[in-house]
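S.K.: Have a look at this one before I ask anything.
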Amino acid sequence: MLDHRKLGRELDLFDTDPLIGAGLPYWLPDGAAVRHALEEYIRTAERRAGYRHVYSPVLGKRELYEISGHWSHYSEDMFPPMDVGGEQVVLRPSLCPHHALIYRSRSHTYRDLPLRMAELGDMYRAELSGVLGGLTRVRAIHLNDAHIFCTLDQIAQEASAALVMIRQAYAALGISPTRYRLSLPGPGGKYVAGAEMWRRSTALLTDVLDRSGLPYQAAEGEAAFYGPKIDVQVTDAAGRESTLSTVQIDFHQPERFDLHYIGADGRKHRPVMLHRSIIGSIERAVAHLIEQHGGAFPGWLAPVQVAILPISEAELPNAAALAQRCGDLGLRAEITGPEQGTLGARIRAARLVPYQAIIGAEEAAQKHIAVRLRDGRRLNAQPVDDVLARIGAVINAYGTDLWGEPAEVVE
Ligand SMILES: [Zn+2]
């Protein structure tokens with residue numbers, strides 16, 4: 001059975017050190033390359049969908065979380081406050097309050113809505129050390145987060161669009177949801193009050209799910225403390241289900257932070273806040289990807305995309321030139337020369353690399369390369385320019401088939 005913790009270590013993606021602490025993994029260069037590609041995918045998708053990115057600090061005054069409601073509903077998951085010169089500051093348990101304040105810092109009219117604010121930012125959770133492990137239970141979380149400030153009439157459309165972004169991302173990542181869940185409040189006092197608000201937001205999300213045509217199940221006791229949500233569930237290699245993506249409606253925080261916009265009638269109105277995450281936390285997403293693909297990531301995500309394998313030392317200059325070309329095109333390439341073993345051994349060592357470019361004397365003379373794809377296909381030697389153009393096109397389109405179409409295979 002694949003375990004992302006074991007595989008992550010073996011593939012040099014991430015690790016932990018007891019001196020840094022449990023639940024605080026660090027990312028090795030290959031893991032960081034995967035993470036960069038994933039974050040850039042998200043930023044690009046968000047820019048295309050009309051989001052604008054912000055940065056906000058990981059700390060905030062205790063008072064901020066008292067206003068947001070985190071302090072009274074969520075403090076057992078928060079790190080204790082730090083005293084700094086008579087002020088109490090807290091490592092943030094979510095990005096929402098910061099984004100509410102960024103919205104509030106400038107005046108807005110109905111023409112500015114929907115206002116889509118996105119950030120890949122850090123947040124912290126005081127998990128107990130007994131439950132920490134790998135990338136799935138961590139104390140420092142890098143969240144793909146966004147908040148859409150909109151009118152009541154715009155919520156359904158925005159929530160549907162977020163669901164479409166989630167499905168597109170899953171297709172590019174080669175993963176599929178286990179199920180969609182409508183998460184509702186349950187018994188107990190951990191939810192904010194307001195029966196009408198809960199009824200209205202539940203009706204809206206139910207409508208969005210019904211219109212999407214996706215099968216879903218309702219689950220009581222899984223809502224956020226401030227509102228119901230759509231959860232996209234995935235299952236890990238051990239069969240445990242967890243939430244990767246979410247879409248949530250929130251009437252509570254706009255009220256708490258007294259957010260408003262000027263309507264067409266010239267009066268002040270309260271916006272609604274839609275919280276949404278396409279891939280959830282980067283840690284959990286990468287853990288899932290490692291297990292799903294056994295380390296053989298889609299081409300656009302792979303830490304090394306092109307393994308350059310010169311047959312003998314005579315082809316080393318051609319290999320270096322090819323590595324340079326790849327770098328110029330934004331492709332991650334690595335040369336493994338003849339000093340590192342026979343060609344067969346080097347091909348086996350690069351078995352998780354999507355493209356293996358083999359250069360022999362004949363190919364070097366003709367400026368050709370012979371390409372082997374990770375899935376076993378072997379292609380005829382062809383001009384370097386053609387190969388790089390094809391690989392670049394597949395990767396830029398976030399394709400999951402390595403050659404973009406059935407490849408011409410050597411007889
Ligand atoms: Zn939020």
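S.K.: So which residues in the stretch 237-253 are away from the ligand (no atom under 16 Å from the Cβ), in contact with a strand residue (DSSP E or B) (Cβ under 7 Å, 6 or more places away or on another chain) and either of a type outside the set (Gly, Ala, Ser) or at positive phi (or both), if there are any at all?
M.R.: Glu241
S.K.: So Gly263 clears everything in (1) in contact with a helix residue (DSSP H, G or I) (Cβ under 6 Å, 6 or more places away or on another chain); (2) within 26 Å of Tyr110 (Cβ to Cβ); (3) of a type outside the set (Ser, Thr, Tyr); (4) buried (at least 21 other Cβ atoms within 10 Å of the Cβ) except one condition, right? Which one?
M.R.: (4)
S.K.: Further, regarding this structure: Looking only at the stretch 158-193, filter to residues that are within 25 Å of Pro271 (Cα to Cα) and without any contact (Cβ under 8 Å) to a residue 24 or more places away in the chain; which one of those is surrounded by the fewest Cβ atoms within 10 Å (Cβ to Cβ)?
M.R.: By that ranking, first place goes to Ala193.
S.K.: Of everything in the stretch 101-128 that's hydrophobic (A, V, I, L, M, F, W, C), within 14 Å of the ligand (Cβ to nearest atom) and outside any strand (DSSP E or B), which residue is surrounded by the fewest Cβ atoms within 10 Å (Cβ to Cβ)?
M.R.: Leu101
S.K.: A further question follows. Among the residues of the stretch 70-80, is any within 13 Å of the ligand (Cβ to nearest atom), touching a Leu at 6+ places or on another chain (Cβ under 8 Å) and either touching a residue at least 24 places away in the same chain (Cβ under 8 Å) or of a type outside the set (Lys, Arg) (or both)?
M.R.: no
S.K.: Conditions: (1) outside any helix (DSSP H, G or I); (2) within 14 Å of Asp145 (Cα to Cα); (3) without any contact (Cβ under 8 Å) to a residue 60 or more places away in the chain. His98 meets all but one. Number of the miss?
M.R.: All conditions are met except number (1).
S.K.: Take Gly50 and tell me if it is farther than 20 Å from Pro93 by Cα, part of a loop (DSSP other than H, G, I, E, B), small (Gly, Ala, Ser) and touching a residue at least 12 places away in the same chain (Cβ under 8 Å).
M.R.: So Gly50 fits the description; yes.
None of the figures in this text is laboratory data; all of them are computed from the coordinates on show. No experiment lies behind these values; they were computed from the predicted model shown. All Cβ positions, glycine included, derive from the backbone under ideal geometry; neighbour counts span all protein chains shown.
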